[in-house]
Structures are given as structure tokens and as C-alpha cells.
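Okay, so here's the structure we're looking at.
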Amino acid sequence: MEKINNAAGIPISPLLANMENSLSADNTMQLVKQRLLKICVLSVIVSVAISLIAKVLITLINIVTGVAFFGKFMTDYHSPAENHLGWWVVIIPAIGGLLVGFMALYGSKAIRGHGIPEAMEQILTNQSKIKPSITFLKPLSSAIAIGTGGPFGAEGPIIATGGALGSTLGQLMNITSNERKIILAAGATAGMSAIFGTPIAAVFLAIELLLFEFSPRSILPVALACITGAAGHHILFEAGPVFPMPNIELPSNGALAIYSGIGLIIGFISMGVTKIVYLIEDAFDHLPIKWQWWPAMGGLAVGLIGYFAPHTLGVGYDNIVNVLSGATAILIVLRLCLFKFLSWAIALGSGTSGGTLAPLLTIGGAAGALLGYVVLMLFPDSGINLPLAALIGMSAMFAGASRAYLTSIAFALESTGQFNALLPLLGGCTAAYIVSFFLMENTIMTEKIARRGVVTPDSYEPDLLVKISVGQVNNTAINILNPENKIANIRDMIRSGQIGAEEYFVVSDDNGNYVGIVGLHDINDHQNEPESILEDIIQHVNLYVRANDSLRKAVEIMSAENLKAIPVLADERIVGLLSESDIIQAYKDERKENEQSTVHISLKRQKLKVMSRGKNMFKPQS
């Protein structure tokens, strides 16, 4: 019986040495890269398909709009606001809502809503598995809802459709749930990139709302998909910014402060918008009418508002361009802000099929323009301009409502091409994000699923187990036993204190070669005969980790092989054991160290040192 530490160790047996090749880091990394390449290829395939579907969706919306409002078959965009139907316009959105309600009833309830929360829920609770039928039901129902005047954008439905397509492909392939999540996110964000031509914003959207991680294995497929989607946008739609606006000059410091203040106010408005949307949804939930009729009721409200404010009908991307131009009359902007919000909130609360991004951009842009107008009235020499104030409002509204901070900034820059707006956007979106983070528990994207008990990650911290090496935590004082020792003798030695009651012991043969490990619980198990030898209860663990490996790698091996402990290797010798309790304790210690508040520099102590040195300077030399 002996103990060893890092200065000495047990030679590894030939069997254990041979196992190293099967678990080498090079082989593991090569396998990871091969699978990553496969996921990248699948993501690009999905993005090509979703780019074509995006074109089909936009065309379907235009066709439905033409038939519903103009009685013509038209594939080009015509604003529903140009209709001449009079009071008949009230019933058209209701007919669209009726069709969507029955599509949800007889097709799938998952087509209801704006897409992103539903995708988040499937990622977090259902291993990223979405029904394949959503791939065609969502765009068809959205084309009907939006084409008949629903105040939504096409981006929400195409994000949901892209996610469903990616998930469906992932379910057909032999891949892990995490890889399926990546393809789902790639399809969803490729759809956004195909609609708006904003690949960077789409990548950020994946990180902030879908992936809940930041790693090469997830970013590379998503980035390739978003680039492909952007190429699809340029080929199938247009090459320029989707929301062109007047060129913006770099603002002064005073103007930056005002733009940040506008963002702060928009942050409070975004809170109100989110709460009102869900209050309306709750009101529909309490109606004594079956849910399939709600979209038709919401459609009636949309039609009635659309009669008095025609520009609230339909997608409304032209409204965003008009607001960003700064040339729209302020009363029209005010009407658009109020009535678009009212129409969208009622329609969304009724459970029809549509998106949130375009309405939020419209409402935020109009609110920003209104705030900018007030500032210019009070302070004509403030140095701000209405187009940039509208852009700040547009971006800050999405940042506050969704808490997709980086997405909001990148989207505003890419969709307008105005990169001089970066600093004002940073200030405005940061202010809105601060308000949302501190004063709102859930966002417009997470409130629905939070009510169902789904917890959404709100931070993307590095894996603590990756930061800690095995050598930092493993037990290096090893009790070495011989396989021929009797269990009764080992029990006596533990009781007498000759050897410590360690959780696990290393077993080596007469030549000093490692054989396996044995647990204290096995030694004390009364089902094992006292006269039996350790050889009968040894766990022949022929796997190991190195001292410089991460705890993450150790956990992966131990969980895959159902091990309670694993030997630690350094300089080709066994120098320690790593057990489950060691890993748990290391995790607890690291969490405590990260969260514990301590003062490392004491100003009082430094002051005393300075005073002491000052006194010594004036002491006479002996």
C-alpha cells in the first residue's frame, strides 16, 4: 500500500496506451470538422430554397392584394391604401382572418403568431423539431393575412418558414438535436436576409434570439446561409438598400446626446407597446368565442381602422421609406404611428398569421420622427434632423421590444446604407435596451413562451468547464491497491486509518502497471463477500484524460462511458483521479469566485503607505 503524488506516478498499461489513439484530440477535431462541413452544406441548401420561397411569398402577397383590393391579378406591389372600395374595405381583412382561422383549425395552430417565439419554443423544448406542414402552411396563411390588409411584414412568416424548412431537413438527416438547431436558425435567418438583404443583422438575430450560443460550429453555417440569402435578395429582388433615405452627416456631440435621449424615450414606448399587445391577446383569450373566429374579429378592426387610415393596411414597407425621408407631413406621421399600432396590436392579439419587425419599425420610425419634430420646435439649433431621428426611433423600438440589441443596430445600418448613423444608433439603442432590461421582465419575443413555463436564456457566458483544466482539480494523492487484496483487509485498513477513505482508489498489478479503479461504495457494499478480492469488483476503466485537458472533455468522456471517475495522465503516468464530486466542487468554486464581490485595492491602505513613506523622508539620517 502506498500513496503517490505528481512527483511520481503509475505507468500506464499497454491496453491504456492503445486507447489513446481512439480518443486523440486530432481525431476528435477531425470528426467535428467533417460534421461541421456537412452542416454548412445543408445550411446553404436550405438558404437557397428559402430565398426562392421568399420570392414566392412576396409574389403571393402581391397577388392576394391585387385580387382583394383591386380585383386584378397583379404580381407587382400596389399599396392597399390606393383602393377605391369605400366601406367594403372593412370586410376584406375579416375575410382574410376567417380563412387564416380555419387554416389553423384544420391545418396547424402553429401558423398563428409572428413566427420567432414559436421557433424559440421548439428550439428550447422540442429539440428543434417543427412540423413539416408549417413549411407551406405558414407562407400561405401569411400571404392571405397580409394580402387582405393585415398590418404585418413578410419577414416574420419567412423566418418561421425558413426555420420549419431547416428543421424538416434536419429531421430527415442523421444529425444531433444541436446540429438541427443550427440548420433551423440558418434557414430562419437566411429568410430574413433574403427579404431585406441584411446578412450581418440576420447573423446577429440568430445569436440573440435563436442559437443562444456563439461558437464556430454554429456561426459558420448561419453566416454562410445568411450570405446566400443576401445573394438571393440581390438576384430576386433588388441590389440597393431596402429602405433608402437621405444621406446623413456625422452628428455633433450635442446631437448625439439628443438622439440618445430619443432612444431612451422610445425604450419606454417599447415597454408600453409590448404590454398592450399582450393585454389585447389576454382579452381575446377571455372571449366566449372559439379561437378560430378571433382572426376574423381582429380583421374587422383592421378593416375599420384601414377605412379611416388606409396606409395602415398591408406590409407598409413604403411607409417606412416615407417616414425615413423626413418629408412626410407631421400629422400623417402621427396618424400612422397611432393607427398602425392599434391595427397591428389588435390583429396580432387575435392570433392571425404575420410578423412583428415591419410594424415595430414603422411605429418606432414614426415615434422617432415625432420626437425629433418636437425637439426641433423647442431647439431649432440642436443640430438634429428628422430622417436620423426616425432611424433612431425605428432601431430603438426593436431593440427595446425584442432586446435584440446588435440586430437592431446592424439592421438599421444595412437596410439604409447610412453608416454615419452608427454612433447615434449605438446611443439610442443602448438607452432603449437599458430601459427594457431593467424595467421589463420579458420581451415581445419571449412573453408568450414564458407564460407557458419556457425559460429563455438571457446570457451567453463561456462554459466554465472549458476554462478549468483537469490538473487544477483532480485528486493527486492516490491510494494504490493491489487487485489480490481481500475486501475485508481493505475495510480494516480504512477503519484503522492506515489509508484514507477516498471516494475512489487506483488498482495496480505487481509490476506497478495501472489496472483499473475501485469505489469506496463498492468496497463497503455488504453484498460483496469480505473474503473476495478486489479483482472481482474492479472497474476496468481503460480511458483517461490528461492533466491539461478541460473539465468539459472529462465530462463528455465520463458521461458517454457512464464513469463515476477517470484516471488523469501526465508524462505518460497516472498521477491522479478525477471524480464526479471533484467536477461539481470545481464548478461551485468557479461560480463563487466569479460572483463574489471583493476589494483588491484598498485606498485607505494605499493612503497609509504614502503617509508612512512621507514621514520616513523627513527622518534625520543616522
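The values are calculated or read from the model by the stated rules, or taken from the named source; none is laboratory data. Every value quoted in this text rests on a predicted model; they were computed, and no experiment measured them. All Cβ positions, glycine included, derive from the backbone under ideal geometry; neighbour counts span all protein chains shown. In case anyone asks, the SASA skips ligands and DNA or RNA and just uses the protein heavy atoms, side chains included. Shrake-Rupley method; radii C 1.70, N 1.55, O 1.52, S 1.80 Å.
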Please identify every one of the GluC sites (Glu not before Pro) in region 232-337 that sits in a loop by DSSP and has no more than 14 other beta carbons within 10 Å of its own beta carbon.
-> 238, 249
Quick one: length gained pulling residue 308 to residue 125 fully straight, 0.36 nm per residue minus the C-alpha distance?
-> 61.6 nm
Grab the other residues whose beta carbon is less than 15 angstrom from that of residue 355, score K and R as +1, D and E as -1, and report the net.
-> +2
Taking the Cα centre of the chain as origin and charging only Cβ (+1 Lys, Arg; -1 Asp, Glu), how large is the dipole, in debye to the nearest 20?
-> 1960
Whole-number accessible area per residue in Å² for region 285-391, which is evaluated in the context of all protein chains at 1.4 Å | 38
How long is region 302-371 along each principal axis, judged by its Cα atoms, biggest number first, in Å?
-> 34, 24, 19
Sort region 442-559 into rounded, prolate or oblate with this rule: let a ≥ b ≥ c be the square roots of the eigenvalues of the Cα gyration tensor; rounded if a/c is under 1.5, and if a/c is not under 1.5, prolate when a/b is larger than b/c, oblate otherwise.
-> prolate
Lys and Arg at +1, Asp and Glu at -1: neighbours of residue 560 with Cβ under 15 Å from its Cβ sum to -1
Built amide H within the under 5 Å cut-off of residue 355, gap 5+ = 153, 156
Residue 40: net charge of surrounding residues, Cβ under 12 Å, Lys/Arg +1, Asp/Glu -1, itself excluded?
-> +3
Simple spin-label model, 7 Å along Cα-to-Cβ: residue 374 to residue 552 in nm?
-> 4.8
Under the helix-only model (-39500 (n - 2.57) for each DSSP H run of 4 or more, divided by the residues of the chain), the mean residue ellipticity at 222 nm, to 500 deg cm²/dmol, is -19500 deg cm²/dmol
Leaving ligands, DNA and RNA out of it, work out the accessible area of residue 161 with a 1.4 Å probe and give it in Å² to the nearest 10.
-> 0
Taking R0 as 22 Å, what's the FRET efficiency between residue 573 and residue 503 from their Cβ-Cβ distance, rounded to 0.05?
-> 0.55
Could you please put 78, 114, 84 in sequence from largest to smallest accessible area, using a 1.4 Å probe?
-> 84, 78, 114
Please give the length that would be gained between residue 437 and residue 595 if that part of the chain were fully extended, namely 0.36 nm times their separation in residues minus their C-alpha to C-alpha distance (nm, one decimal).
-> 54.9 nm
Of all chymotrypsin sites (Phe, Trp or Tyr not before Pro) in region 444-511, which ones are in loop regions per DSSP and have a Cβ with at most 13 other Cβ atoms within 10 Å?
-> 460
Residue-span extension gain [residue 332 to residue 106] - 0.36 nm each, minus C-alpha spacing | 77.3 nm
Specify the longest stretch of the chain that does not include any exposed loop site, a site being one of the trypsin sites (Lys or Arg not before Pro) with a non-H, G, I, E, B DSSP assignment and at most 10 other Cβ atoms within 10 Å.
-> 73-289
Taking the Cβ-Cβ separation of residue 585 and residue 451 as r and a Förster radius of 30 Å, what is the calculated FRET efficiency to the nearest 0.05?
-> 0.20
Would you mind working out the accessible area per residue for region 32-168, using a 1.4 Å probe, and quoting it in Å²?
-> 40
Rounded to a whole %, the carbon-and-sulfur portion of the accessible area of the chain at a 1.4 Å probe is 61
Of all GluC sites (Glu not before Pro) in region 551-581, which ones are in loop regions per DSSP and have a Cβ with at most 13 other Cβ atoms within 10 Å?
-> 572
Under a 1.4 Å probe, what is the accessible area of region 421-572 per residue, stated in Å²?
-> 49
Descending accessible area (1.4 Å probe), largest on the left, turns 297, 245 into 297, 245
If a/c stays under 1.5 just call it rounded; otherwise compare a/b with b/c (prolate if a/b is bigger, oblate if not). Do that for the chain, with a ≥ b ≥ c from the square roots of the Cα gyration tensor eigenvalues.
-> prolate
Say the cut-off is 21 Å between C-alpha atoms; which of 138/275; 275/448; 486/564; 55/109; 109/448 go over it?
-> 138/275; 486/564; 55/109
Between residue 29 and residue 282, the FRET efficiency computed from the C-beta separation at R0 = 45 Å comes out, to the nearest 0.05, as 0.35
Kirkwood calc, region 371-518, C-alpha pairs only, radius in angstrom 21.6
